[in-house]
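Structure record follows, encoded as structure tokens.
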There are 2 protein chains.
Amino acid sequence: MKRTSRDIRTANRYEVLRQIIAESPTSRQELAAATGLSLATVATLVGELLDLGMLTEVGFEDSAGGRPRGLVAVNASGGALIGVDIAETYVRVELFDLALNVLARADEDMRPGESRPVQVVGHVATAVGSVVAQAGVEGARVLGVGVSVPGQVDRATGIAEYAPNWDWHDVPLLDLLAEHISYPLYLDNPLRACAVAELWFGAARGRGNAVVVNLGTGVGAGLAFGGGLHRGVSNSAGEWGHTTLVLDGRLCHCGNHGCVETYVGAPGIMQNLRELSPRSPLHHPEDQTATIDALARGVAAQDPVAVKVVRDTARYLGAGIADLVNLLNPEVVVLSSWVAAALGEPLLEEVREAVARHALKRPLAATEIVLSPIPTDPVCLGAATFALEGALSSVTQKSNQRPNRRTWSRQ
Amino acid sequence: MKRTSRDIRTANRYEVLRQIIAESPTSRQELAAATGLSLATVATLVGELLDLGMLTEVGFEDSAGGRPRGLVAVNASGGALIGVDIAETYVRVELFDLALNVLARADEDMRPGESRPVQVVGHVATAVGSVVAQAGVEGARVLGVGVSVPGQVDRATGIAEYAPNWDWHDVPLLDLLAEHISYPLYLDNPLRACAVAELWFGAARGRGNAVVVNLGTGVGAGLAFGGGLHRGVSNSAGEWGHTTLVLDGRLCHCGNHGCVETYVGAPGIMQNLRELSPRSPLHHPEDQTATIDALARGVAAQDPVAVKVVRDTARYLGAGIADLVNLLNPEVVVLSSWVAAALGEPLLEEVREAVARHALKRPLAATEIVLSPIPTDPVCLGAATFALEGALSSVTQKSNQRPNRRTWSRQ
């Protein structure tokens, strides 16, 4: 688990590219100032990225009196990245340019009972084919496909080890996908996809310590410390949804009782509603999205049941987030994923109040709690970012082996 | 919060010294292999530490065929370090040589009601004077005094911001101590002292991801990620004792309900005993140490009440530690501090079983749960380590300012 020189070089390359994507065009001098790296290091990294066709020189800016500074920008058309968000109720696939702009999108609904691996793989393959066709991108330009699947995954082997909502065990997902998709594939889960999306493009950018709370069907917390993802020793960090909030509380599908997820995941929120008002018309049995949307509309219309359900949910969520604040002392807590997006500001306000009631004063004062500012699907964006990181890192390996570094860049 | 080149240099210096302290004598080549740093970097860092008098050359080893390799070792007598463990019921001070061997120790008991800052400072000053006299160390050789005080501290200002067990608020502890103690002072808390002790000398050494669970009057979790302490954005990370285990459970002195600490801190364990068997002779009201010791003896004698209290406590502790395992996916969880030391193996076994019942399979499989292997007071050791880190880092600052780097070494 030591940080080798190569880890540091890779982290620095991410950091520089991240900064350029956030602010293009920019100069090497500005990059050095923004990243804390030396100008020499920045110049080397920028040179590599130019060689790879990921950046492009875009002219010069005047520096008062001194030599004009060369400006670089992301070469948006230098390649395409695909992000796949496999959720419990849908598959969404987006195709991005190198500046991480969405060029095409495809959605596939998944009904309950359609969750066998072969069915899911079929949906993904169809949607990937669709976005490549829509965007009119040559296959050779696709640098990689990042795939996010709920639960615990082994990145190295591409195996979905455990997806509790589907009761998947040790599904060789990347092998199954590789039968249909010929681009390089990278597997991870939505917690880390959302976290890396915030780190590169959202509320965690430039923050050393961030927690990205993922509120969907499942619940978790993507952790970013020291500017990078905290994966844990076996890539399963972030299972906050399966931490105990109520000892001996509600039974969770993980086998434990009182897990955070059973109170604030979409099915947990539906149970909060059922317990408060069993016959409420807000309730759409078997349809999480419809129920959450109904709650959001209900809160907007000041429906007392909807307001109370969101308040109760925020009380659980606030106690759980206060635990993260007390334990990790983050600079920012970001509420992400579809439930957070649907319930929005009213949920955020209640959560802030509940956290303030539970958290210790010192870490509370240092933490900001915000909704994700990412306007598109953060899971697709994060998954595509994993593909970008994967491409950057496989290039390093190749460039160490042979003199020609342009192995995959602009054909 | 960015990692600058200087942060990296300081971390590398710690890493090299840590490795040498663990295995002396050693060669630069072995250090490079053990730390993952380049031989050139190791040679530079070793040169600096030799210049400072912290290391010494101790001869050569034969390397099959090649040039003989120079061996270096810690120069144990190159300076002295003092660690101060201010606990709720006692003050303990230890003086160490540079290899972190204990040369002298002084203990002061603190009775309930003796916890005003001026009283505590008096105890510390007396004990520090005592260890310096006992060890016969010249004052100029004392490189620093690390002070651990429970609760939340501001390291930069030396202020104990909040010590819940004493109801201290914003006590300028280092200023008060500086009126009696002329050595450089470094403030932190027992969570981080125990964690840094494990990182340098104990079960977390060489582990990228470790959680050091501190079981005393107060409870917390020192976090080490990527080989360094995770302090959080305002140095208050680790307040696991004040995370919710039982929503709306026992009232905690922090104002919240159901905090982990109210079930597994020494007073919480006493309450577990009272609730199970109000008239048990194991109970020593007002004396935490005596009660915990009585429980330890009771378990050894298979007293059913003692066994049940430890099992109940382990059940709470196991649920809480499973939360840490699920959230952080650590390589090792270390049980540290005086309650863990007193209850020892019987507690550990029950905790392992309870964690296995609560944690997810994947992170559980990757985690080892152990008792701290540190044979002395880990808080004193960790506090002294902070003084060592402080001395190393202040030297860097000085050496950047003037050519003579030997500013504090061997007078």
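Structure notes:
- Selection from the stretch A:143-158 of residues that are in contact with a helix residue (DSSP H, G or I) (Cβ under 7 Å, 6 or more places away or on another chain) and at pLDDT 90 or above: A:LEU143, A:GLY144, A:VAL145, A:GLY146, A:VAL147, A:SER148, A:VAL149, A:PRO150, A:GLY158
- Filtering the stretch B:142-156 to residues that are free of Cβ contacts under 8 Å to residues at least 12 places away in the same chain and under 21 Å from B:GLY241 (Cα atoms) leaves nothing.
- Of all residue pairs spaced 6 or more apart or on separate chains, those with beta-carbon atoms under 8 Å, a first member in the stretch A:360-376 that is within 13 Å of A:GLU345 (Cβ to Cβ) and a second member that is open to solvent by 40 Å² or more (accessible area, probe 1.4 Å) are A:ILE369/A:ARG352; A:LEU371/A:ALA341; A:LEU371/A:GLU345; A:SER372/A:ALA341.
- Check on B:VAL309, more than 12 Å from chain A (Cβ to nearest Cβ) and either surrounded by fewer than 22 Cβ atoms within 10 Å (Cβ to Cβ) or without any contact (Cβ under 8 Å) to a residue 12 or more places away in the chain (or both): no
- Scanning the stretch B:197-228 for residues that are in contact with a strand residue (DSSP E or B) (Cβ under 9 Å, 6 or more places away or on another chain) and in a helix (DSSP H, G or I) yields a total of 3.
- Selection within the stretch B:263-289: residues that are among the hydroxyl-bearing types (Ser, Thr, Tyr) and open to solvent by less than 20 Å² (accessible area, probe 1.4 Å). The member of this set that is nearest to B:VAL310 (Cα to Cα) is B:TYR263.
- Every residue from the stretch B:156-206 that is aliphatic (A, V, I, L, M) and more than 16 Å from the chain's Cα centre (by Cα): B:ALA156, B:ILE159, B:ALA160, B:ALA163, B:VAL171, B:LEU173, B:LEU174, B:LEU176, B:LEU177, B:ALA178, B:ILE181, B:LEU185
- Residue in the stretch A:71-91 that is within 25 Å of the chain's Cα centre (by Cα), more than 30 Å from B:PRO330 (Cβ to Cβ) and charged (D, E, K, R) present: no
- Lone qualifier among A:THR407, A:THR385, A:THR396 - being β-branched (Val, Ile, Thr) and at pLDDT 90 or above: A:THR385
- Residue list for the stretch A:37-91, restricted to those being of a type in the set (A, V, I, L, M), touching a Phe, Trp or Tyr at 6+ places or on another chain (Cβ under 7 Å) and surrounded by fewer than 20 Cβ atoms within 10 Å (Cβ to Cβ): A:LEU71
- Taking the criterion of being away from every other protein chain (no Cβ under 14 Å), surrounded by fewer than 24 Cβ atoms within 10 Å (Cβ to Cβ) and either over 15 Å from B:VAL211 (Cβ atoms) or acidic (Asp, Glu) (or both), the residues of the stretch B:349-386 that qualify are B:GLU349, B:GLU350, B:GLU353, B:PRO373, B:ILE374, B:PRO375, B:THR376.
- Those residues of the stretch A:248-306 which are of a type in the set (Lys, Arg) and in contact with a Phe, Trp or Tyr (Cβ under 8 Å, 6 or more places away or on another chain), in sequence order: A:ARG250
- Residue count for the stretch B:148-196 under the criterion of being assigned to a helix (DSSP H, G or I) and buried (at least 18 other Cβ atoms within 10 Å of the Cβ): the result is 11.
- Flag if B:ARG250 is without any contact (Cβ under 8 Å) to a residue 60 or more places away in the chain, touching a helix residue (DSSP H, G or I) at 6+ places or on another chain (Cβ under 7 Å) and more than 7 Å from chain A (Cβ to nearest Cβ): yes
- Qualifying residue in the stretch B:7-26 (condition: at pLDDT 85 or above, over 30 Å from B:THR217 (Cβ atoms) and open to solvent by 60 Å² or more (accessible area, probe 1.4 Å)): yes
- Residue match in the stretch A:115-126 (condition: at pLDDT below 95 and either among the basic types (Lys, Arg) or assigned by TED's automatic domain parsing to the domain that holds A:GLY218 (or both)): yes
- Flag for B:ALA341 being surrounded by 19 or more Cβ atoms within 10 Å (Cβ to Cβ), away from chain A (no Cβ under 14 Å) and touching a strand residue (DSSP E or B) at 6+ places or on another chain (Cβ under 8 Å): yes
- Scanning the stretch B:319-329 finds one or more residues that are within 14 Å of another protein chain (Cβ to nearest Cβ) and not in a helix (DSSP H, G or I).
- Residues satisfying the stated conditions in the stretch B:42-76, i.e. in contact with an Asp or Glu (Cβ under 7 Å, 6 or more places away or on another chain), within 21 Å of B:ARG141 (Cβ to Cβ) and either of a type in the set (Asp, Glu) or in contact (Cβ under 8 Å) with a residue 40 or more places away in the chain (or both): B:VAL72
- Of the numbered criteria (1) closer than 30 Å to A:VAL42 by Cα; (2) out of contact with any Ser or Thr (no Cβ under 7 Å at 6 or more places or on another chain); (3) surrounded by 15 or more Cβ atoms within 10 Å (Cβ to Cβ); (4) within 14 Å of chain A (Cβ to nearest Cβ), the one B:ALA33 fails is (3).
- Residue ID - modelled with the highest pLDDT, chosen from residues in the stretch A:286-319 that are among the polar types (S, T, N, Q) and farther than 16 Å from A:GLU349 by Cβ: A:THR291
- Residues located in the stretch B:203-239, provided they are open to solvent by 10 Å² or more (accessible area, probe 1.4 Å), at the interface with another protein chain (Cβ under 7 Å from one of its Cβ atoms) and hydrophobic (A, V, I, L, M, F, W, C): B:PHE225, B:VAL233
The values are calculated or read from the model by the stated rules, or taken from the named source; none is laboratory data. Only a predicted model underlies this, so the values are computations on that prediction, with no experimental measurement involved. As a convention, Cβ positions derive from the backbone with ideal geometry for all residues, glycine included, and neighbour counts pool all protein chains shown. Ligands, DNA and RNA are excluded from the accessible area calculation, which covers all protein heavy atoms including side chains. Shrake-Rupley method; radii C 1.70, N 1.55, O 1.52, S 1.80 Å.
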